[in-house]
Amino acid sequence: FRLWEEGASASPGVQSFAELGLTVELMKAAKEARKKRSVGAMHRTAGIPNGIGHSSTEVIMQPRNPLLSLMVKMIPSPDWFVGVNSLNLCEGNQWKQEVSVDLKPYDAGTDSGFTFSSPNFPTSPQENITQITSQMPNHPANSFFYPRLKELPPIASVKITRQHGSPDRHNTLSNHILPNSISPQRFSVTPLDCEVSLWSS
């Protein structure tokens, strides 16, 4: 079971989440995969309403399911998201103590909008999931089109830390928003639709 994969077609669940933020189809697919023991667990955590801050959760990993996949929808956007696919949290026969990954934007290939606030424009035929870069899509209207940049700064980052001791029976969810006084550094020239800023940690 793969939640999503670059170069592959988005499942109905991925499309529904990337476009609308709905998790119903994803949860259905995960439940079917759990019956076959190819998925250990499925978790949802709090969103970040203003785009600056962080969200955290605790998950229990099992040796037979050491891979972690995640998706975070970008709002607003046509069908864009950030995430990781099948990140292995084991090294040899041991759990990794800490893993950090910078997250880049991806296009689910189901909506052809160029900007964050584009109206619904279904992609027909559906395209594969692709990473959005400073040069691709190669169109000046694209919200991420910065041809003078070698690469885009990370949209977000994820940090996974192994917790020692007995975990709680229930997952804990929290959402922490940075103070308004913290404003990320901006590029001097940006598209009109929306600005991409350096990631603030």
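Here, each number is a calculation from the coordinates, and none is a lab measurement. Just so you know, these numbers come straight off a predicted model, no measurement behind them. Cβ placement follows ideal geometry from the backbone for every residue including glycine, while neighbour counts extend to all protein chains displayed.
Checking every one of the GluC sites (Glu not before Pro) in the stretch 1-58 against DSSP loop status and a limit of 16 other Cβ atoms within 10 Å picks out Glu5, Glu6, Glu58. A simple count of charges around Met61, restricted to other residues whose Cβ falls under 11 Å of its Cβ and scoring Lys, Arg +1 and Asp, Glu -1, yields +2.
Can you give the local net charge around Asn120? Use residues other than it whose beta-carbon is closer than 9 angstrom to its beta-carbon, Lys and Arg +1, Asp and Glu -1. Can you show the working numbers first?
On the way: positive: none; negative: Glu19, Asp111.
Residues close to Asn120 contribute a combined charge of -2.
Plainly put, the stretch 12-176 has a radius of gyration that is 0.98 times its Kirkwood radius, both from alpha-carbon atoms, as the Rg/Rh ratio.
Partner lysines whose Cα lies under 24 Å from the Cα of Lys35, excluding those fewer than 8 positions away in the same chain, are not found.
Taking a point 7 angstrom from the Cα of Ser112 along the C-beta vector, which residues in the stretch 61-87 have backbone N less than 17 Å away? Of the residues in the stretch 61-87, 78-80 have backbone N under 17 Å from the label point off Ser112. The orientation-averaged shadow of the Cα convex hull for the stretch 72-133, equal to a quarter of the hull surface, comes to 5.4 nm². Note on Gln94 and Lys28: their simple-model spin labels are 4.4 nm apart, each label 7 Å out from Cα toward Cβ. Candidate cross-link partners of Lys28 among the lysines, defined by an alpha-carbon separation under 28 Å and a same-chain spacing of 8 or more, comprise Lys36, Lys73, Lys104, Lys159.
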